[in-house]
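One structure is given below, encoded as structure tokens.
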Amino acid sequence: MNVHGCCACQNICPKNAISMVLESDGFKYPHINKEKCINCGLCRKVCPVLNPKKEEECLPDTYACMNKNEKIRMESSSGGVFSLAAENIIDKKGIVFGAAFNQNLEVQHIKVDNKDDLKYLRGSKYIQSDILYTFKEAKQLLENGKIVFFTGTPCQIEGLISFLGKSYDNLYTR
Ligand SMILES: Cc1cc2nc3c(=O)[nH]c(=O)nc-3n(C[C@H](O)[C@H](O)[C@H](O)COP(=O)(O)OP(=O)(O)OC[C@H]3O[C@@H](n4cnc5c(N)ncnc54)[C@H](O)[C@@H]3O)c2cc1C
Ligand code: SF4
Ligand code: SF4
């Protein structure tokens, strides 16, 4: 298996045969339980490292902006635009996914449905966030017509897009 840590393979495995295991370099890597694996090949098919996109498919639009609220900007790592976008999604009764510390100071992706809890997502945490099964959760919400704002590192978002396998008008990523 490849080493990119996006968790798309873990989320797509129909047998829950893949777990992300912390290795000595401080990063989590996928491990397959061979007793559970049925060799369906879905994990290899979804992996963005094994199936890289062409460069012309990856050109983003670029904007420069910042949050006028100084308190929120000070709580953020850059200009606080994440909070502005996330608040807009919450106003539309949408769900925001992002990286938060848990009680053991590990970083994991969680979902937030109210403005107060956005404080847990604000600010960069400089360690790998565990996606857990949030791709599956996001897919369920999208299928149910909810607006979803999924935030993370570029490789995590690439993993999510690959996992979803189709585009959704109600999905926003950053
Ligand atoms: C791990 C990491 C390293 C970065 N390194 C640089 C850098 O070297 N140079 C640079 O110019 N910018 C870097 N950035 C980007 C920058 O710091 C801000 O995160 C970004 O510009 C957003 O800023 P904000 O003020 O809008 O939101 P903020 O409130 O600062 O950020 C919150 C957002 O970051 C996400 N996030 C926080 N930690 C993680 C994590 N560990 N994994 C995935 N998502 C996370 C949250 O889910 C949320 O969406 C990095 C970001 C991260 C997450
Ligand atoms: S081949 Fe299929 S069952 Fe085996 S680990 Fe990959 S996704 Fe899971
Ligand atoms: S899908 Fe993501 S976590 Fe799984 S092997 Fe590929 S890059 Fe690594």
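Per residue, how much accessible area does region 25-174 show when a 1.4 Å probe rolls over the protein heavy atoms, in square angstrom?
On a per-residue basis, 65 Å².
What is the distance in Å between the Cα centroid of region 67-111 and that of region 19-53?
29 Å
First check a/c for region 57-173, with a ≥ b ≥ c the square roots of the eigenvalues of its C-alpha gyration tensor; if it is under 1.5, answer rounded, and if not, answer prolate when a/b is larger than b/c or oblate otherwise.
rounded
In degrees, nearest 10, range 0 to 90: what is the angle between the Cα axis of helix 134-143 and the longest Cα principal axis of the chain?
Helix 134-143 and the main axis of the chain meet at about 70 degrees.
What's the extension gain from Lys34 to Cys65 if we count 0.36 nm per residue and subtract their Cα-Cα distance?
Extending this stretch completely gives an extra 6.3 nm.
Excluding Ala17 itself, what net charge comes from residues whose Cβ is under 14 Å from its Cβ, given Lys and Arg +1 and Asp and Glu -1?
Taking every Cβ under 14 Å from that of Ala17, the sum is +3.
With the full set of protein chains in place, find how many percent of the accessible area of region 57-173 is carbon and sulfur; take the probe as 1.4 Å.
53 percent
So if we plug the beta-carbon distance of Asn114 and Thr173 into 1/(1 + (r/R0)^6) with R0 = 22 Å, what FRET efficiency do we get, rounded to 0.05?
E between Asn114 and Thr173, to the nearest 0.05, is 0.60.
Separation between the Asp25 and Asn51 pseudo-spin-labels, each 7 Å from Cα along Cα→Cβ, expressed in nm?
With each label placed 7 Å out from Cα toward Cβ, I get 2.4 nm.
Is there a pair in Lys115/Lys146; Lys54/Lys166; Lys93/Lys115; Lys54/Lys125; Lys146/Lys166 whose C-alpha atoms are over 20 Å apart, and which pairs would that be?
Working: Lys115/Lys146 17 Å; Lys54/Lys166 17 Å; Lys93/Lys115 11 Å; Lys54/Lys125 30 Å; Lys146/Lys166 16 Å.
Flagged as over cut-off: Lys54/Lys125.
With the chain treated as a Gaussian network of Cα nodes joined by springs under 10 Å, which of Lys53, Lys119, Lys28 yields the largest mean-square fluctuation?
Lys53
What does the accessible area of Val49 come to, in Å² to the nearest 10, when a probe of 1.4 Å is used?
Near enough 50 Å² of accessible area.
If you bin the C-alpha pair distances of region 1-139 every 10 Å from 0, what whole percents do you get?
10, 31, 34, 21, 4, 0
Can you give the accessible area of Phe27 in Å² (nearest 10), computed on protein heavy atoms with a 1.4 Å probe?
Using a 1.4 Å probe on the heavy atoms, I get roughly 110 Å².
Given a 10 angstrom Cα cut-off, can you work out which residue in Val148, Val107, Val46 is the most mobile in a GNM of the chain?
Judging by the Gaussian network model, the answer is Val107.
The values are calculated or read from the model by the stated rules, or taken from the named source; none is laboratory data. None of these values were measured; they are calculated from a predicted model. FYI the Cβ positions are ideal-geometry reconstructions off the backbone, even for glycines, and counts take in every protein chain you see. Just the protein is used for accessible areas: all its heavy atoms, side chains included, with ligands, DNA and RNA removed. Shrake-Rupley method; radii C 1.70, N 1.55, O 1.52, S 1.80 Å.
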